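Engineer: Before we start, here is the structure in question, set down as structure tokens.
The values are calculated or read from the model by the stated rules, or taken from the named source; none is laboratory data. Note that this is a predicted model, so its numbers are computed, not measured. Note that we place each Cβ from the backbone using ideal geometry, even for glycine, and neighbour counts take in every protein chain shown. Accessible surface is based on the protein model in full, side chains and every heavy atom, while ligands, DNA and RNA are left aside. Shrake-Rupley method; radii C 1.70, N 1.55, O 1.52, S 1.80 Å.
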Amino acid sequence: MVHCGPGFDAATGAIGLPIHLNSTFRQDAPGVYHGYDYARTANPTRSAVESALAELEGGARGLLFGSGMAALTALFSLLDSGERVVVGDDVYGGTYRVLDKVFKRFGLVATFVDTADLGRLDGELRGARLMLLESPSNPLLRVTDIRRASALAHAQGCLVAVDNTFMTPYLQRPLALGADIIVHSATKYLGGHSDLVAGALVTADEEVGARLHAIENATGGILDPFSSWLLLRGIRTLAVRMERQQASAARIAQWLAQQPWVDRVYYPGLAAHPSHDVHLAQAEGAGAIVTFELAAEVDRDGFVAGLRIFQLAESLGAVESLINVPALMTHASIPAARRQALGIRDGLIRLSVGIEDADDLVEDLDSAARGKLSARVDQR
Ligand SMILES: *Cc1c(COP(=O)(O)O)cnc(C)c1O
């Protein structure tokens, strides 16, 4: 992570990555230039970070976009009108929305299925062109066996895309498990500091990478040079952030599971998680997202308002801990009936555990649940 991509600038020896803000490049003769002609097509800063990300995911080609949604839009643009994509049924709310509100109008057919249920998944793959899954999924952290799901999809001639936002290449490398394309909201762990919005695709082979680059160049949803630079700066510390956040998340998940005011905890690192073994066979850790269900008698909004360290906000994966009520926030764009069917109830809470002291985080949750704050946190 620290040394991926260029470690220094060859021209000056400057440690780190220079930012090329220029939009255009001088040509020696018409059509004769040094790798770059216009910055929508390619920019040296963005290209360097794209290569770094490809290196981390073990892919042939990396592409950076202005957001995770722009990356997903390019991905779905691989398909023609009338073709079908099979998508995990509890994917990111925005993924559902872009398929339902935008791509449906262009004739793209989306089938939503619990990708963790390989029997059902297999039944839906026939005739599909693309499968997109998240593992662990959002917000219920359901785990799909990526290797087996990819094999089923490939048997039907279907491309496999995995949204690896929650795990990052530090914990899980789906290309090595059989996936063809990785999707990232780099806004989350890769950036890691709640200060940029970015998306990425990484492809296993050059041919799919070239097709996606042609789509990106044609549609224009690129990442700007400054955000590209910030993103590489974030990636440099990904390993230490993830280790710390994951260790605290594991501790919080175990603690929550013992609290009388918590009905249920969803965290793939807990032995009680139904796919604990499947997850640990394909990833190097359980990550730092913990979802739980408040007991019915707990006043949800009072609990959230009582927190001092966890901040109520959309997004996840940054150094500061965040709390989110999926039914009203990240997953509000999913129709209520669908949400209920998926198990995204009103008392469901998703934590993104940051790098603060783990004792402070536990104490914050404890005191908010008890409806009062301790002197220790108060003094901050
Ligand atoms: C946030 C998120 C996205 C969308 O990314 P943006 O950068 O917000 O556009 C896609 N997938 C997952 C899993 C996410 O968490």
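Engineer: Of the residues 269, 234, only one is crowded, with 19+ Cβ neighbours inside 10 Å and either at positive phi or assigned to a helix (DSSP H, G or I) (or both); which?
Structural biologist: Going through 269, 234 in turn, just one is crowded, with 19+ Cβ neighbours inside 10 Å and either at positive phi or assigned to a helix (DSSP H, G or I) (or both): 234.
Engineer: Moving on to the next point. In region 318-332, which residues are away from the ligand (no atom under 15 Å from the Cβ) and out of contact with any helix residue (DSSP H, G or I) (no Cβ under 9 Å at 6 or more places or on another chain)?
Structural biologist: Residues satisfying the conditions are 320, 328.
Engineer: Do any helices (runs of 4 or more DSSP H) lying entirely in region 333-380 carry at least 3 residues that are open to solvent by 50 Å² or more (accessible area, probe 1.4 Å) and at pLDDT below 90, and which ones are they?
Structural biologist: Ranges flagged: 336-342, 375-378.
Engineer: If you don't mind, there's one more thing I want to ask. Take residue 287 and tell me if it is assigned to a loop (DSSP other than H, G, I, E, B) and either touching a residue at least 24 places away in the same chain (Cβ under 8 Å) or touching a Ser or Thr at 6+ places or on another chain (Cβ under 9 Å) (or both).
Structural biologist: Criteria met by residue 287.
Engineer: Looking at (1) open to solvent by 10 Å² or more (accessible area, probe 1.4 Å); (2) within 16 Å of the ligand (Cβ to nearest atom); (3) part of a helix (DSSP H, G or I), which is the only condition residue 74 fails?
Structural biologist: Of everything listed in (1) open to solvent by 10 Å² or more (accessible area, probe 1.4 Å); (2) within 16 Å of the ligand (Cβ to nearest atom); (3) part of a helix (DSSP H, G or I), residue 74 misses just condition (1).
Engineer: Given the structure, is residue 292 assigned to a helix (DSSP H, G or I), aromatic (Phe, Trp, Tyr) and not assigned by TED's automatic domain parsing to the domain that holds residue 149?
Structural biologist: no
Engineer: Take residue 141 and tell me if it is at pLDDT 95 or above and either near the ligand (Cβ under 10 Å from one of its atoms) or outside any loop (DSSP other than H, G, I, E, B) (or both).
Structural biologist: no
Engineer: Residues that are within 19 Å of residue 257 (Cα to Cα), touching a residue at least 12 places away in the same chain (Cβ under 8 Å) and within 14 Å of the ligand (Cβ to nearest atom): does region 333-347 have at least one?
Structural biologist: Taking every residue of region 333-347 in turn, none turns out to be within 19 Å of residue 257 (Cα to Cα), touching a residue at least 12 places away in the same chain (Cβ under 8 Å) and within 14 Å of the ligand (Cβ to nearest atom).
Engineer: Could you list, in sequence order, all residues of region 295-317 that are away from the ligand (no atom under 16 Å from the Cβ) and either part of a strand (DSSP E or B) or of a type outside the set (A, V, I, L, M, F, W, C) (or both)?
Structural biologist: The answer is 297, 299, 300, 301, 302, 306, 308, 311, 312.
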